[in-house]
Amino acid sequence: MNLAQLRSERRSRFWGKEVLPYLGYVIQSGVAVLLLFLLIAFSAWYTSLVQHIPAGLPIRWIMLILLVPLTVNSSFRTYLQPADTVFLLPQESRMNHYFNASWISGVVYKLLGLALLFLISWPLYVRSDEAPKSCGLFLVVLMALKLVSSYGCWKELRMVSRRAAMSYRILRYVIIALAVGAWLWQPVGRSLIFIVLIAVTYFVALRVPAKHLVAWERLIAQEKTHSGRVLMMLGWFVNVPGRQQRIYARKWLSWAGNRIPWKPGAAYRYLLMKSFVRSDILGIVLRAGILGALLVWWTRGGMLGSGIYLFFVFLAGVQLSSLLRYHSESFWLHVYPIPPGSRRTNAIGLAFQIQLLFAFLIWLPLLGAIGEKPGAVLITLAGGIVLSLLFRFFAGRKKTADDDDE
């Protein structure tokens, strides 16, 4: 069996038959025009920032926050399927031929993304830092750290103990953050010695935990997560059947939805709330909220802060629109005595309330400028509320159109 060819066929089947047919709908939705507009707006803002750099800009902290997540982030598409635990198990000793392409593609694409971010941020760094490092050497160090992180991620996937894998994942974040921080704040020679020593120590530590030859179940679960995220993004624009989403326990949010009235009209809202707090969408919205609040606080003195605020409210609305498609293929919802039309009504209402709460929370950093520009701050909040109402309005219109088609 040619394992490399098998992976290539699976990759072509996924992207060619499950993703490519829907890209036309994505383009028709206007996302390309929106991305072009955002690119033009960002270019104008960034050019102005580079030309008029504020005094005391904490550029090293900014570079640390920008570069560490992208350097640490590592993942691999294996395209493994549940049946492989039976049909490919006899080939376990030869599976390195299958995984070679996963390793190469998983590393190369992320190296290109990291290099692009670095080159974009370089003009700001070199004009702001008192003693900037060499561009070429800086990029080489980042690439090396990215390879270290990718190697560590692959070893984590093979670890027998899930607790050990989680501990080593945290260790990987700490090591990369320390390495990038040392490179930004310390002289070249001293920082390189530190990075080499910490990388060698990390490689030695990775040899300690017991590992599977092939962690079938973990790799299959990870592949389901990756493919589910791709299909989830397509689901923002078109109804994609067969989406699989990762479920998180999040016991600290088990109370969410418990105050919803116990009646048939609110049954789907209860189910949707429980699904939301255990889904990828909650994590995305939380991360977007934290990043948005920080950026809004940083730019609260001008119109840029209002623009960033409205952009993140819009982004949250796009993410929360996925709630309208949750459980769309569930058989049991057609069996339970749920009132007709309550499913979409509850979904629209819940998405609107969460977006409204999101809009209010990331608006709070603007209060720091309310003494200077009270009108602009209040108008910005009004803009966030109007944007949330528009999302609800268009979701309601789509509901009516779907009912008419039925």
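The values are calculated or read from the model by the stated rules, or taken from the named source; none is laboratory data. Note that the structure is predicted; figures quoted are calculated from it, not measured. Cβ: placed from backbone, ideal geometry, glycine included. Neighbour counts: every protein chain shown. Please note that ligands, DNA and RNA were not included when accessible areas were found on the heavy atoms of the full protein model with its side chains. Shrake-Rupley method; radii C 1.70, N 1.55, O 1.52, S 1.80 Å.
Taking only the C-alpha atoms of the range 273-318, Rg followed by Dmax gives 12.2, 39 Å.
Rounded to the nearest 0.05, what FRET efficiency is calculated for ARG13 and SER254 with R0 set to 30 Å and r the Cβ-Cβ distance? Mind showing how you got there, number by number?
Details: r = 39 Å, r/R0 = 1.29.
The value I calculate is 0.20.
Starting from a Cα-only point model with no solvent, please compute log10 I(q)/I(0) by Debye for the range 105-262 at q = 0.18 1/Å. Debye output, listed in q order: -1.18. Past the 28 Å Cα-Cα mark, which pairs from LYS224/LYS274; LYS133/LYS373; LYS146/LYS274; LYS110/LYS133? With Cα atoms farther than 28 Å apart: LYS133/LYS373; LYS146/LYS274.
If DNA, RNA and ligands are ignored and the probe is 1.4 Å, what is the ranking of GLU9, GLU130 by accessible area, most exposed first?
Details: GLU9 85, GLU130 180 Å².
If we order GLU9, GLU130 from most to least accessible, we get GLU130, GLU9.
Using a cutoff of 8 angstrom between alpha carbon atoms and counting only pairs six or more residues apart, the relative contact order for the chain works out to 14 percent.
Across ILE260, ILE170, ILE53, the residue with the most accessible area heads the list, and the full order at a 1.4 Å probe is ILE170, ILE53, ILE260. Each principal axis of the range 132-188 carries a Cα extent, and these read 42, 17, 9 Å when sorted largest first. Here the chain is treated with +1 on each Lys and Arg Cβ and -1 on each Asp and Glu Cβ, and its dipole about the Cα centre works out to around 960 debye. Sequentially through the range 264-276, phi angles give Karplus couplings (6.51, -1.76, 1.60; θ = phi - 60°) of x, x, 10, 5, 5, 5, 4, 4, 5, 5, 5, 5, 5 Hz, Gly and Pro residues having no value and appearing as x. Accessible-area rank, largest first, for ARG325, ARG158: ARG158, ARG325, with all protein chains present and a 1.4 angstrom probe.
Protein heavy-atom accessible surface, 1.4 Å probe, per residue over the range 114-190: 48 Å². Values (i) 29; (ii) 23; (iii) 37 are given for comparison; percent of Cα pairs over 36 Å apart, derived from the coordinates here, is the one labelled (iii). Ordering PHE391, ASN96, LEU116 by the projection of their Cα atoms onto the charge dipole of the chain, which places +1 on the Cβ of Lys and Arg and -1 on the Cβ of Asp and Glu, puts ASN96 at the extreme positive end. Dipole orientation for the chain: of the candidates PRO69, ALA199, TYR22, ALA199 has the Cα lying most toward the positive pole (charges on Cβ; Lys, Arg +1; Asp, Glu -1).
Could you tell me the convex hull volume per residue, in Å³, taken over the Cα atoms of the range 48-170?
Values: hull volume 16.1 nm³, N = 123.
Taking only Cα atoms, the range 48-170 has a hull volume of 131 Å³ per residue.
Within the chain, what whole-number % of the accessible surface is contributed by carbon and sulfur, with the 1.4 Å probe and all protein chains included in the calculation?
Solvent-exposed carbon and sulfur of the chain make up 68 percent of the total.
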